[in-house]
1. Would you please name the trypsin sites (Lys or Arg not before Pro) within the stretch A:386-467 that are DSSP coil residues with at most 11 other C-beta atoms within 10 Å of their C-beta?
2. How long is the gain from B:Glu588 to B:Tyr113 if the chain were fully straight, where each residue apart is worth 0.36 nm and the alpha carbon distance is subtracted?
3. Quick one: helix A:298-311 against the long Cα principal axis of chain A, what's the angle to the nearest 10°, folded into 0 to 90?
4. Between the stretch A:371-438 and the stretch B:395-460, what's the alpha-carbon centroid distance in Å?
5. How large is the dipole of the protein assembly as shown about the Cα centre if only Lys and Arg carry +1 and Asp and Glu carry -1, each at its Cβ, rounded to the nearest 20 debye?
6. For the pair B:Asp187 and B:Arg438, what calculated FRET efficiency results from E = 1/(1 + (r/R0)^6), where r is the Cβ-Cβ distance and R0 = 30 Å, to the nearest 0.05?
7. How far is A:Thr98 from itself in the other copies, in nm, if each label sits 7 Å out from Cα along the Cα-Cβ line, shortest first?
8. Once you list every other residue whose beta carbon is under 9 Å from the beta carbon of B:Ala139, what net charge do they have if Lys and Arg are +1 and Asp and Glu are -1?
Number of protein chains: 2
Amino acid sequence: MDDQTLDVSNFGPVPGSVTTGPIEGSAKIWSSPEGRGDMRVPFREIALHPSAGEPPVRVYDTSGPYTDPAAAIDVETGLPSVRGDWLARRGFARVESTRGVKPEDNGFASGEYLVSPCPAAHRVLRGATGQLVTQYEFARAGIITDEMIYVAHRENLGRAAMIEGAEARRADGEDFGANIPAFITPDFVRAEIAAGRAIIPANINHPELEPMIIGRNFLVKINANIGNSAVTSSAADEVEKMVWAIRWGADTVMDLSTGRNIHNIRDWILRNAPVPIGTVPLYQALEKVGGVAEKLSWEVYRDTLIEQAEQGVDYFTIHAGVRLRHVPLTAHRTTGIVSRGGSIMAAWCLAHHRESFLYEHFEEICDIMRAYDISFSLGDGLRPGSIADANDAAQFAELETLGELTKIAWAKGCQVMIEGPGHVPMHKIKVNMEKQLRECGEAPFYTLGPLTTDIAPGYDHITSGIGAAMIGWYGCAMLCYVTPKEHLGLPDRSDVKTGVITYRIAAHAADLAKGHPAAQIRDDAISRARFEFRWEDQFNLGLDPDTARRFHDATLPKEAHKTAHFCSMCGPKFCSMKISHDIRAEAERQDGLARMSESFAEQGGKLYVPAD
Amino acid sequence: MDDQTLDVSNFGPVPGSVTTGPIEGSAKIWSSPEGRGDMRVPFREIALHPSAGEPPVRVYDTSGPYTDPAAAIDVETGLPSVRGDWLARRGFARVESTRGVKPEDNGFASGEYLVSPCPAAHRVLRGATGQLVTQYEFARAGIITDEMIYVAHRENLGRAAMIEGAEARRADGEDFGANIPAFITPDFVRAEIAAGRAIIPANINHPELEPMIIGRNFLVKINANIGNSAVTSSAADEVEKMVWAIRWGADTVMDLSTGRNIHNIRDWILRNAPVPIGTVPLYQALEKVGGVAEKLSWEVYRDTLIEQAEQGVDYFTIHAGVRLRHVPLTAHRTTGIVSRGGSIMAAWCLAHHRESFLYEHFEEICDIMRAYDISFSLGDGLRPGSIADANDAAQFAELETLGELTKIAWAKGCQVMIEGPGHVPMHKIKVNMEKQLRECGEAPFYTLGPLTTDIAPGYDHITSGIGAAMIGWYGCAMLCYVTPKEHLGLPDRSDVKTGVITYRIAAHAADLAKGHPAAQIRDDAISRARFEFRWEDQFNLGLDPDTARRFHDATLPKEAHKTAHFCSMCGPKFCSMKISHDIRAEAERQDGLARMSESFAEQGGKLYVPAD
């Protein structure tokens, strides 16, 4: 392959740098759960114009220390430890003789082709047999961990008590059998994890992590995929991809790097990542056997799991549901197998005419992952790659196998989520969610889109954003983003941002529809800002203040226009909101709209046929 | 207002020109219904690479003669007449003493500020009392019009008979009580129009129109809004906005121009428009009274209706559902009244403390519109402008009034569709559709989005595309586009295209989900192209070949890459589709995947628990 064509280095604004500084109009703040002054949970506050007479709007913040102006960011030393003390108290054994780094881990890259290792300090821990290690094990034992307290406070947006109207919001939503409480307690978090309905992906070797939770009774989360380019100019460029994705709202990041240097690149990413990092270990295992699927073996795979476990990867996609018997079910498909991991495992099974080594060694995989509290993301290797293949026998047969594996992983003490499609028309999305909940005992679902049509290459963030919003509403816990470049090429900086924002829209639309008690606060704040012509507030309350401001300024750039009672869409004479204010003023002069409203309401049935 | 800031002239690629030439990879074709060699219904055919061994894929084409390389486009002479002979046969009286143009119609613009009138020839027709004029009247009389034959052929994509698998596709979909036939006959079209479930917006003074149908048992349609800029450099620039929107798939275009010159600009647009043109006559009426709502009168409004009727506008948004008694219901709203027309009428009602003159003169409005077969688009002046206001008393009270007016308009012989929201969270969308069908006797619904969250200014094509896809699935007949500039400013060329493509995605996703018999043909064709690495076919089959090609070429620009068995997303070693082909080859060598599949199927229940 022509390396040159894959050079998307210099991802950052300046080569070798990462993006820092607050989101426009926002300030980073921290809040501590009651009685836990040692715990600093990050949020972002958007201050409003004094004329609003409203307190700042607090929003969930995935961006880590990078948006803290006071933070000293140095990718060589990595982020400060968040969980170090918590982990220390659990008494995990420090691994003295670690697996370390082997030349094949970086594809035998050397000299100028070798990305230097990240110099940040890193101790390797491992849980022992019989010891409580995973969040699932603690939860089942009835123990509330620090991580559980942290995520409860985070999900509540730092509130100490139920917000006003929370119960009404819940009742107003439609959650399809989910059970979002009006206020999240640490014990609720524990109970959800114990039931397998939620996970906190948090490798004990990733102390830099700011814990977060994935489950359908919590805020819907999104994942962004990043990957190295074949030519890497600097480690900071790779870190920047992650920093850029979390800046705009990615809750987790998957590092799907292939090629050389992936061990060292992963080190740089992990030591600088405040969010859970996921990987597909199969990709690196395949690199180690020269890219030839049939040369894969359990031994190489197992060694790769341990390599990445020691580095601190928080969740692994494991395609253990692709069984030999499933491969023939793809024979008549329009687009065959479209998951990379799925196709690799299918090729292996067929070449050896043997059952998948991932399936056969699943219990050993569980034992390894439990020892570091790495969460399973059971891969959907047979997900449909086209509308034609949606919900077919291959897809559902694998899903049934994933259900079987979920129960084994739980029995082994592991946290589990389940990956899902793919390409699915709107009317076939709900059955995916329902079947997943049924087969997999309500383990969190984590889907790619789904794309609701195949006919818009270049716009698949939108075709999939539609499906993502819907499945998030139906109960999907995490949505894997799709960028505009899907099906066409590697995303650039702008594509990553567009993908993340699109999926933040989908996740938030889902939270609103489910009746999440706090979701509408932000919608209401921006709507009031709109109605009161507080343009700066409208920009800053949006998911992307920079783009909103730029779009507005394209036609009305002057500072005076930031308080104008119109915009260029309708102009001053036709601004309905301006006229609305005039109407209210006129009504107030006449009689008071509110009183008129009450008076009409009294006449009720005489005027209107009530909606049923 | 500062005119300079609103200068979005030079909308076209070259000032004073319109975009012509075929969509990349496509050819314009025409097909005639059986026995109607005189009728040329346009389509677009996408030829595939010879290796595909497949016939070209035919798609619906809204673009008019502009994409026909053989057409001589001259905006000064306008488009050729499509319906002239049909209309002549109906014997409409030619209006000898037309209303003509008055100075106030162009805002008293003169000299260099006056946009010159379009010189294209135009005769004004008017139907007489007692004569059959509207498509509704013909349909009720059991008469199939030329327009009905044309749209039936168009909806069938020119097929002479039912396509293979059509019944199965219908059965596979979920249409919520719609009734999409496997094959559209002219009599089915007639029956749908007679039942009020569909309309063919087609003013008898718009002979250039290529007829299309709007109804929930037909393909979902989309509308694009355009409007003049305050400073107009040339009439061609205004025509270009319409041409650009229909090039990418707008089924109808609304001219929402305000300010001066709107009469003459409308002339230029109509004489060059192959799609139905809609307007909001209230905007021009307001211009005529100096922009002061309370100065509006029935007389000015009536005169404006006739002015625009003679020009050939195909549908009018009439905000007759905003009644005096509804205004107080908006008192507690978060965002008041957000429809321009709605706010103007509310202001008028309150200023005069009188019932709306549109409501009071509704029957006279019907009489005028019937005489030219202008379709009603009953405006939702009280649509919600925020999630907070969705489905509130004001919105639903107006919808009930629109239902009442629909029946009056039908009794008067008019075609009717109903406008809908707005801003609605996902879980409140379906009830909108259901209530609209119930209140308005199944008249076609025409919605703006709806936006499923308020928090993403700059991305409202996406927040609303989600809602549009869903309501289209539930039964909405036409979706009014939203551009990325919504809430922020006037859209430019790129925004219009993005809005149109986003809404084509929504409409197509809805068609797929409803089980439209022919919708999946294009998805399947592009999916096969993807699986077979026919990159050019994949680009050309997409909604936007130019963008897809550009995205692909950003990382793999060479010609050789257009047949490469990988792209830059995963690279050659990790391309799942390439591996899928290897798997099939290996399986064929071993035993044949298809046979293996059958053999597994025979074992059926032993291997899998069937999905229920």
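1. Nothing satisfies the criteria.
2. 163.6 nm is the gain from fully extending B:Glu588 to B:Tyr113.
3. Between helix and principal axis, roughly 50 degrees.
4. 37 Å
5. 720 debye
6. 0.65
7. Going from nearest to farthest copy, the values are 8.3 nm.
8. 0
Values quoted throughout were computed directly from the atomic coordinates according to the rules given, and no laboratory measurement underlies them. What you are looking at is a predicted structure, and each value in this text was computed from that prediction instead of being measured. Cβ atoms come from the backbone with ideal geometry, glycine included; neighbour counts cover every protein chain shown.
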